[in-house]
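The structure appears below as structure tokens.
Coordinate-derived values only; no laboratory data. Predicted model only: the values in this text are computed from it and were never measured. All Cβ positions, even for glycine, are placed from backbone atoms using ideal geometry, and neighbour counts span all protein chains on display.
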Amino acid sequence: MDKLTAKIFEYLVAKVKRWPYAIDRDIPLRYFLGYAMNEAIMAVRGFFLFGRRYGLVFVGKNVSVKCKNKLIFDKRGGTHIFSGVTIDALSKEGIRFGKNVHVGKNTNIDCGGTGCGNGLGRGLVVGDNVGLGANAHFGCSGGVEIGSNTIFGGKTDLIAENHVFSDLSMPVSKQGLSRKGIKIGKDCWIGTRVIILDGTVIGNHCVVAAGSVVTGKTFPDNCIIGGVPAKIIKMI
């Protein structure tokens, strides 16, 4: 791709994303034109699914959204919902996305509309420039909050609820759920295949190592977390 063409595309993409954007000059022009065409098609799908009130929303193939009136986008736009994503936004507070949120392919977001007789779940709040990885599951019954600039690897699993099991005379399936919620701070990196369980609080600028299981603890800012169960490995 020549320098002038790259500069033009960088300007256009940055205007859409509202974020500085650089194109590697080794990318063939035909490849990038295919990418641009796909973005245009996604923008058209977003318009038909959500209208214009939230700015540009890009939507891939085979996306399923339930209770879309509970799904709120930042008007600055730029959010991408990639192919195969399923979203059930039925909850007390719904789902709120900041600008330029990316929901990876085949990810499931479930706000727990009617789970186990505990009534509506709380919902999901996502800051700006967040990447929710591909093939992930976000169970938001107890409420999930994710700070700006946080990114998730693929196949992560957040479960913001837990089964009550203290009564030995009653089946676990009949004892209902507890919901404490999950909070993840700003500028965090959550590695691939991480499981984060209900009651977890992760501070700002933290890294969670791939394959970790975070079991409802509170972690301070600026730390690397890892293991099963997860603990602080070191401070950054």
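Determine, from the Cβ-Cβ distance of residue 45 and residue 209 and an R0 of 45 Å, the FRET efficiency 1/(1 + (r/R0)^6), rounded to the nearest 0.05. Kindly include the intermediate steps, with their values, before the conclusion.
Working: r = 36 Å, r/R0 = 0.80.
It comes out at approximately 0.80.
Between residue 95 and residues 5 or more places away or on another chain, which pairs have amide H atoms under 5 Å apart, with H built 1.01 Å from N, and which residues are they?
Close amide H contacts, sequence-distant or interchain: 71, 72, 124.
Which residues among region 198-235 fall inside the zone where the amide N is under 19 Å from a point 7 Å beyond the Cα of residue 162, along Cα→Cβ?
Answer for this model: 198-203, 212-220, 226-232.
Once you have the Cα-Cα distance between residue 120 and residue 68, take 0.36 nm times their residue separation minus that, and quote the gain in nm to one decimal. If you can, show how the numbers build up before the last one.
On the way: separation 52, 0.36 × 52 = 18.72 nm, distance 1.54 nm.
Net length gain for the segment: 17.2 nm.
Does region 13-63 come out rounded, prolate or oblate, given a ≥ b ≥ c as the square roots of the eigenvalues of its C-alpha gyration tensor, rounded meaning a/c under 1.5 and, failing that, prolate meaning a/b above b/c?
Numbers: a/c = 3.40, a/b = 1.61, b/c = 2.12.
Oblate is the answer for region 13-63, as a/c is 1.5 or above yet b/c matches or exceeds a/b.
Taking the Cα of residue 236, stepping 7 Å toward and past its beta carbon, and measuring to each backbone N in region 170-199: which are under 12 Å?
185-191
Lys and Arg at +1, Asp and Glu at -1: add these up for the other residues within a Cβ distance under 11 Å of residue 46 and post the number. Mind dumping the intermediate values first?
Numbers: positive: 45, 52; negative: 39.
Every neighbour counted, the sum reads +1.
Which of the listed residues, 219, 171, 160, is farthest toward the dipole's positive end in region 45-235, when Lys, Arg count +1 and Asp, Glu count -1 at the beta-carbon?
Selected residue: 160.
Give me the net charge for the shell around residue 221: Cβ to Cβ below 14 angstrom, other residues only, Lys and Arg +1, Asp and Glu -1. Don't skip to the answer; put the middle values down first.
Values: positive: 183, 186, 234; negative: 187.
Once all neighbours under 14 Å are counted, the net charge is +2.
Any chance you could get the radius of gyration and Dmax over the Cα atoms of region 90-149, in Å?
Rg, Dmax (Cα atoms, Å): 11.6, 35.
Can you give the calculated 222 nm mean residue ellipticity of the chain, where each DSSP H run of n ≥ 4 adds -39,500 (n - 2.57) and the sum is split over every residue, rounded to the nearest 500 deg cm²/dmol?
Values: 2 runs with 37 residues, N = 236.
Counting only the DSSP helices, I get -5500 deg cm²/dmol.
Would you mind checking which residues have amide H under 5 Å from residue 177's amide H? H placed 1.01 Å from N; only 5 or more apart, or other chain.
164
For residue 174 and residue 92, what does the FRET efficiency come to when R0 = 22 Å and r is the distance between their Cβ atoms, rounded to the nearest 0.05?
Working: r = 24 Å, r/R0 = 1.08.
Result of the calculation: an efficiency of 0.40.
So if I place +1 on the C-beta of Lys and Arg and -1 on the C-beta of Asp and Glu, and nothing else carries charge, what would the dipole magnitude of the chain be about its Cα centre? I want it in debye, nearest 20. Write out the running numbers ahead of the final one.
Values: 31 positive and 17 negative charges, 112 e Å.
So the dipole magnitude of the chain works out to roughly 540 debye.
Beyond 23 Å between alpha-carbons counts as too far, so tell me which of 183/231; 70/180; 99/231; 7/155; 180/231 fall in that bin.
Numbers: 183/231 16 Å; 70/180 21 Å; 99/231 32 Å; 7/155 35 Å; 180/231 20 Å.
Checking Cα-Cα distances, 99/231; 7/155 exceed 23 Å.
Relative contact order for the chain: what is it in percent, counting Cα pairs under 8 Å that are at least 6 residues apart?
Numbers: 661 pairs, mean separation 23.2, N = 236.
10 percent.
Given the options 101, 130, 13, which has the most mean-square fluctuation in a GNM of the chain, springs set between C-alpha atoms less than 10 angstrom apart?
Answer for the Gaussian network model of the chain: 13.
Can you tally the net charge around residue 83? Count Lys and Arg as +1, Asp and Glu as -1, for every other residue whose Cβ sits under 9 Å from the Cβ of residue 83.
Here the charged neighbours net out to +2.
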